[in-house]
1. Go through region 1-35 and count every residue that is free of Cβ contacts under 8 Å to residues at least 24 places away in the same chain and in contact with a helix residue (DSSP H, G or I) (Cβ under 8 Å, 6 or more places away or on another chain).
2. Looking at the structure I just gave you, is Thr103 touching a Pro at 6+ places or on another chain (Cβ under 9 Å), surrounded by fewer than 17 Cβ atoms within 10 Å (Cβ to Cβ) and of a type in the set (S, T, N, Q)?
3. Check Val248 against each of (1) at negative phi; (2) not in a strand (DSSP E or B) and name the one condition it does not meet.
4. Just checking, does region 59-75 include any residue being hydrophobic (A, V, I, L, M, F, W, C), under 15 Å from Thr281 (Cα atoms), modelled with pLDDT of 95 or more and surrounded by fewer than 23 Cβ atoms within 10 Å (Cβ to Cβ)?
5. Inside region 151-206, counting only strands (runs of 3 or more DSSP E) that do not spill past its ends, which hold 1 or more residues that are of a type in the set (Gly, Ala, Ser)?
6. Can you tell me which residue among Ile239, Ile254, Ile272 is of a type in the set (Val, Ile, Thr) and either near the ligand (Cβ under 10 Å from one of its atoms) or in contact with a His (Cβ under 7 Å, 6 or more places away or on another chain) (or both)?
7. Going by what's in this entry, would Ser145 be described as touching a residue at least 12 places away in the same chain (Cβ under 8 Å), among the hydroxyl-bearing types (Ser, Thr, Tyr), part of a helix (DSSP H, G or I) and more than 24 Å from Gln171 (Cβ to Cβ)?
8. Taking region 202-239, which residues are of a type outside the set (A, V, I, L, M) and either under 14 Å from Ala318 (Cβ atoms) or assigned by TED's automatic domain parsing to the domain that holds Phe144 (or both)?
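The values are calculated or read from the model by the stated rules, or taken from the named source; none is laboratory data. It should be emphasised that the depicted structure is a prediction, and the values quoted were computed from it without experimental measurement. Cβ placement follows ideal geometry from the backbone for every residue including glycine, while neighbour counts extend to all protein chains displayed.
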Amino acid sequence: MTTRAVVVGLGHYLPERVVPNAEFEASLDTSDEWIKLRSGIEQRHFAAEGETTSDLATHAAKKALAHAGLGPNDLDAIVLATSTADLTFPSAATMVQSAIGMTRGFAFDVQAVCAGFIYAMSTANALIVSGQAKRIMVIGAETFSRIMDWSDRGTCVLFGDGAGAVILEAQDGVGDTSDRGILAVDLNSDGQHRDILFVDGGVSTQTTGYLRMQGKEVFRHAVEKLAATATTAMQSAGITSEDVDWIVPHQANIRIIQGTAKKLGLSMDHVIVTVQDHGNTSAASIPLALSVGVERGQIKQGDVIVTEAIGGGLAWGAVVLRW
Ligand code: COA
């Protein structure tokens with residue numbers, strides 16, 4: 001018998017304010033057409049003044065609990081992926097723990113920027129497989145609007161705010177690819193590329209800083225590394241592209257999403273795409289896309305899903321699971 005971490009509920013939340021591309025035309029030398037053509041993004045959501053990452057995460061967490069038919073104390077742990085926590089400490093995860101009324105277990109944040117949700121899923125999977133926890137809420141939540149340099153047209157038009165949450169539960173499997181749940185994980189990072197995507201501030205410098213990016217360089221690494229990590233994870237799960245129902249990629253840029261799907265030999269009919277509506281929400285983008293994919297009726301129980309992401313670090317990885 002093999003213990004598997006199976007998704008038993010999920011939910012997402014987007015802040016009320018929708019910002020279409022055209023809104024940037026008033027303050028920047030840019031256009032709706034340029035943004036759409038180069039990135040696929042049409043709009044994004046921005047958190048209201050005073051609305052924090054843990055607020056967005058709490059909304060998503062409550063929806064996931066309702067979707068699963070569970071109460072807060074049915075959870076053993078919360079693992080929250082973010083690079084934009086409310087405070088230096090405590091973790092955003094403990095803030096969510098208190099906000100949803102969870103009075104047991106443990107909660108902590110994971111920081112791997114846009115790959116954060118993949119790292120958090122991997123961590124939660126390891127906790128479940130090792131028997132340390134039976135039910136874990138994995139959240140990706142971000143307010144990247146707070147680290148944008150609004151005068152940098154190469155970055156500020158690309159990102160948005162949001163949150164998504166999934167609940168993983170320990171279930172018995174037989175140990176082959178017919179099992180529901182996480183079948184394989186692949187994680188990678190290479191700090192040599194830290195300068196192509198970073199925030200030029202932090203606690204030690206006593207500033208918040210702004211996101212800085214060499215877009216072309218990041219693009220160059222993205223397709224190749226995403227296809228490689230997805231392939232490694234599929235091989236370790238014992239599946240091929242032909243077995244995949246859905247790729248649920250990190251939603252950074254439609255051209256990266258298309259390029260990666262092509263390299264994996266899958267048509268866009270097998271890809272969940274939300275980048276046009278959400279922009280790049282960093283660690284929130286995959287759980288948002290999973291939740292929207294289920295809402296749209298695209299993702300169904302039993303489907304084989306490959307999720308993959310890359311971001312600052314560089315850090316990248318993939319998770320293969322059966323829904
Ligand atoms: N509006 C209009 N023009 C813009 C612009 C904007 N918002 N942003 C940049 N430009 C300009 C540049 O200044 C440049 O002008 P120049 O040739 O006069 O110098 C021109 O457009 C081309 O810029 P370039 O950076 O070569 O464009 P690109 O095709 O590489 O597209 C990105 C830029 C950022 C969309 C693209 O590189 C990208 O998506 N990279 C990956 C970023 C990413 O996904 N990061 C997150 C990973 S988690």
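1. We begin by selecting, within region 1-35, every residue free of Cβ contacts under 8 Å to residues at least 24 places away in the same chain; these are 20, 22-23, 25-26, 31-34.
Checking which are in contact with a helix residue (DSSP H, G or I) (Cβ under 8 Å, 6 or more places away or on another chain) leaves us with 20, 22, 25, 31-32.
Qualifying residue count for the region: 5.
2. Numbers: touching a Pro at 6+ places or on another chain (Cβ under 9 Å): yes; surrounded by fewer than 17 Cβ atoms within 10 Å (Cβ to Cβ): yes; of a type in the set (S, T, N, Q): yes.
For Thr103, the condition - touching a Pro at 6+ places or on another chain (Cβ under 9 Å), surrounded by fewer than 17 Cβ atoms within 10 Å (Cβ to Cβ) and of a type in the set (S, T, N, Q) - is met.
3. (2)
4. Here is the first cut: in region 59-75, the ones hydrophobic (A, V, I, L, M, F, W, C) are 60-61, 64-66, 68, 70, 75.
Among the residues that remain, those that are also under 15 Å from Thr281 (Cα atoms) are: 60.
The next check asks that each one be modelled with pLDDT of 95 or more; those that pass are 60.
From what is left, the residues that are surrounded by fewer than 23 Cβ atoms within 10 Å (Cβ to Cβ) are none.
Among the residues of region 59-75, not one is hydrophobic (A, V, I, L, M, F, W, C), under 15 Å from Thr281 (Cα atoms), modelled with pLDDT of 95 or more and surrounded by fewer than 23 Cβ atoms within 10 Å (Cβ to Cβ), which makes the answer no.
5. Details: elements: 161-173, 181-189, 197-199.
Counting at least 1 such residues, we get 161-173, 181-189.
6. Values: Ile239 fails: either near the ligand (Cβ under 10 Å from one of its atoms) or in contact with a His (Cβ under 7 Å, 6 or more places away or on another chain) (or both); Ile272 fails: either near the ligand (Cβ under 10 Å from one of its atoms) or in contact with a His (Cβ under 7 Å, 6 or more places away or on another chain) (or both).
Checking each option against the conditions leaves just Ile254.
7. Values: touching a residue at least 12 places away in the same chain (Cβ under 8 Å): yes; among the hydroxyl-bearing types (Ser, Thr, Tyr): yes; part of a helix (DSSP H, G or I): yes; more than 24 Å from Gln171 (Cβ to Cβ): yes.
Yes, satisfied.
8. So the first thing to find is which residues in region 202-239 are of a type outside the set (A, V, I, L, M), and the list is 202, 204-210, 212, 214-217, 219-221, 224-225, 229, 231-232, 235-236, 238.
The answer is Glu224, Lys225, Thr229, Thr231, Thr232, Gln235, Ser236.
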